[in-house]
1. State which residue pairs qualify: first residue free of Cβ contacts under 8 Å to residues at least 40 places away in the same chain and inside region 521-537, second residue assigned to a helix (DSSP H, G or I) and among the small types (G, A, S) in any location, beta carbons under 8 Å apart, and separation of 6 or more residues or different chains.
2. Is one or more of the residues making up region 399-407 at pLDDT 90 or above and open to solvent by 10 Å² or more (accessible area, probe 1.4 Å)?
3. Of a type in the set (K, R), in contact with a Gly (Cβ under 9 Å, 6 or more places away or on another chain) and in contact (Cβ under 8 Å) with a residue 12 or more places away in the chain: does that describe K309?
4. Quick one: how many residues across region 414-470 are open to solvent by 60 Å² or more (accessible area, probe 1.4 Å), without any contact (Cβ under 8 Å) to a residue 60 or more places away in the chain and assigned to a helix (DSSP H, G or I)?
5. Would you pick out the residues in region 545-563 that are open to solvent by less than 10 Å² (accessible area, probe 1.4 Å), under 20 Å from A499 (Cβ atoms) and part of a loop (DSSP other than H, G, I, E, B)?
6. Which of the residues belonging to region 571-591 are within 22 Å of K309 (Cβ to Cβ) and either open to solvent by 20 Å² or more (accessible area, probe 1.4 Å) or not in a helix (DSSP H, G or I) (or both)?
7. Output yes when any residue across region 100-119 is modelled with pLDDT of 80 or more, assigned to a loop (DSSP other than H, G, I, E, B) and either of a type in the set (A, V, I, L, M, F, W, C) or closer than 30 Å to D53 by Cβ (or both), and no when none is.
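The values are calculated or read from the model by the stated rules, or taken from the named source; none is laboratory data. Because the structure is a prediction, the values reported are computed rather than measured. Positions of Cβ are generated from backbone atoms using ideal geometry, with glycine treated the same way; all protein chains shown enter the neighbour counts. Remember, those area values only see protein heavy atoms, side chains included, never the ligands or the DNA or RNA. Shrake-Rupley method; radii C 1.70, N 1.55, O 1.52, S 1.80 Å.
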Amino acid sequence: ERGGNNSFTHEALTLKYKLDNQFELVFVVGFQKILTLTYVDKLIDDVHKEFRDKYRNEFQQKGTLGLLNGTFDFKDDFMRLLRDAEESSKVRAPTVMKTFEQSLKSQKTVKCMIETRGEKPKEKVKNKKNKGSKKEGIEAVATPGKASAGDKQPSAAGEKEELTKDEILQKNREEFFKRHMKAGEKSRSPKPEAQKEKGKKPRVWDLGNSNAKVLDYSNSATNGSAEACPVEEFDPDIALGDRNREPGRLYDLEYESDDEAEEEKVIQNPSKPSTKKGGLGGMFGMLKGLVGSKSLTREDMDPVLEKMKDHLIAKNVAAEIAVQLCESVAKKLEGKVMGTFTTVTSTVKQALQEALVQILQPQRRVDVLRDVMDAQRHRRPYVVTFCGVNGVGKSTNLAKISFWLIENGFSVLIAACDTFRAGAVEQLRTHTRRLNALHPPESHGGRTMVQLYEKGYGKDAAGIAMEAISYARNQGFDVVLVDTAGRMQDNAPLMTALAKLIAVNAPDLVLFVGEALVGNEAVDQLVKFNKALADHSMAQTPRLIDGIVLTKFDTIDDKVGAAISMTYITSKPIVFVGTGQTYCDLRSLNAKAVVAALMKA
């Protein structure tokens, strides 16, 4: 239902189903997966129509009880329909190729492919765009073209008698210089001497350090070591953001939706008196399902679904997924009986909202804190690997998650496995210093809550991750966060290296970091990342993406479609949402808030 698919495969069997929403029937046909039966769709349609038409009166009179208690003698009809479907598939003759006489090429003559002198340019373009023209035709056009060029030579020779070649060149040069001299005289205007360019002034940032000596690293002999680097002075309010928050709590996303303003007005019958609270309201509630009820058809829903599809695409939902969502909603509602006081638009909108909430709430929920405590009981570190394309915010959101884990009382080891990007290790080192300044060992009984494990640049990332996990186990760290290099989804060598890192180290959680700004690209990224992990894995059951970190959510206003695209394509939950630049700007996904933003006009 989520993907609009009407088939299900289980071991050696394939099941196809069709819904009849009017009488609440489900028709299922089962067959062996190895068989390629072309008539299955026709068979299930024919059985559906025959069965519904034969027992329509019984359904309408007895309702659901008639279905449960009734007996249906349909075996002979089914066998007849099965034979008809099998025969119809055999009757089809194979398609016969066209003969040369039947093709468009046979109707062409050599004359129509020859260019004549003085032909209009439009006709030339038309001849070039002709679909029937092949390589021979192009050669035939080119040959007379040479002849026509040769015909022009006598006329050129006639002009040469009047003016020699050198005279023509000299004349053209004089005209060229005259034009440019005139243009130069017009452009010249006396400029006042007072308007002299001033030297560029350095910009002074509000949050920056005005002391240039602090920023001068030219004579530094520390070479990036954490011990020799001075401790930075910074304002905790800037790093933390909201000081009134509850430490260690992961707040839900918030979105204020004007439901009352957006709520669609219910179209009522003008001949009826206005309903009031009390007895009349209850009476109309009883009559709602009885008077003027109508079953929805595809023709009724198509205009509304088309608008809904365009609306979803405008909100950054991938186009392919928007089409599949509308298709699944149409199948769910087709034949459903609609009450008198309900519009088609409101019914479709309600069904689409329910489908979207269902997509954003996948079956498996990732509870990181519970899993970390479970790993503690087994005396081993809980390992999380971050992967994604370049520039989506892997290192920044890794630091936010580190801060959240520290506030919940867990010690963190950050493994710097991005050994490719310049400045990647230094970035994590800066985050480590700041996190230790916010949570010094003195506040945790002398225990260092966050530490960086790094081996520099140009090393094997999988080996560094393995050493970091071993170090964390020996030193008693609770969580290992593995930062990897950003890579494009179609870069085969880098994807192979990522698959190796995950296969060798077997992390507890593999998080894909994606930004909320993408549209159709989200589908391509996730599909190719999962495919690469499956193709390059050495295990029999390859390890794929377990969850998603959605970043830059504060930059998109109500265009939240990337959340739908990512969860739809992977059926994996969005574990964290990045909403800003401070360590506290980390949220958990609120499905209803996201759907409210998505459905906002």
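1. Once the first residue is free of Cβ contacts under 8 Å to residues at least 40 places away in the same chain and sits in region 521-537, its partners that are assigned to a helix (DSSP H, G or I) and among the small types (G, A, S) give L533/A499; D535/A499; S537/A499; S537/A503.
2. Scanning region 399-407 turns up at least one residue that is at pLDDT 90 or above and open to solvent by 10 Å² or more (accessible area, probe 1.4 Å).
3. no
4. Total meeting the criteria: 4.
5. As a first pass, look at region 545-563 and keep what is open to solvent by less than 10 Å² (accessible area, probe 1.4 Å): 545, 547-551, 560-563.
Going one step further and asking which of them are under 20 Å from A499 (Cβ atoms), we end up with 545, 547-549.
Correct list: I545 only.
6. The first filter runs over region 571-591 and keeps only residues within 22 Å of K309 (Cβ to Cβ), leaving 571, 591.
Hit for region 571-591 is S571, nothing else.
7. No, region 100-119 contains no residue that is modelled with pLDDT of 80 or more, assigned to a loop (DSSP other than H, G, I, E, B) and either of a type in the set (A, V, I, L, M, F, W, C) or closer than 30 Å to D53 by Cβ (or both).
Each row is one residue, and each column tells you yes or no for (1) in a loop (DSSP other than H, G, I, E, B); (2) modelled with pLDDT under 85; (3) of a type outside the set (A, V, I, L, M, F, W, C); (4) over 22 Å from the mean Cα position of the chain (by Cα).
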position	(1), (2), (3), (4)
A499	no, no, no, no
A503	no, no, no, yes
L517	yes, no, no, no
Q540	yes, yes, yes, yes
R543	yes, yes, yes, no
S565	no, no, yes, no
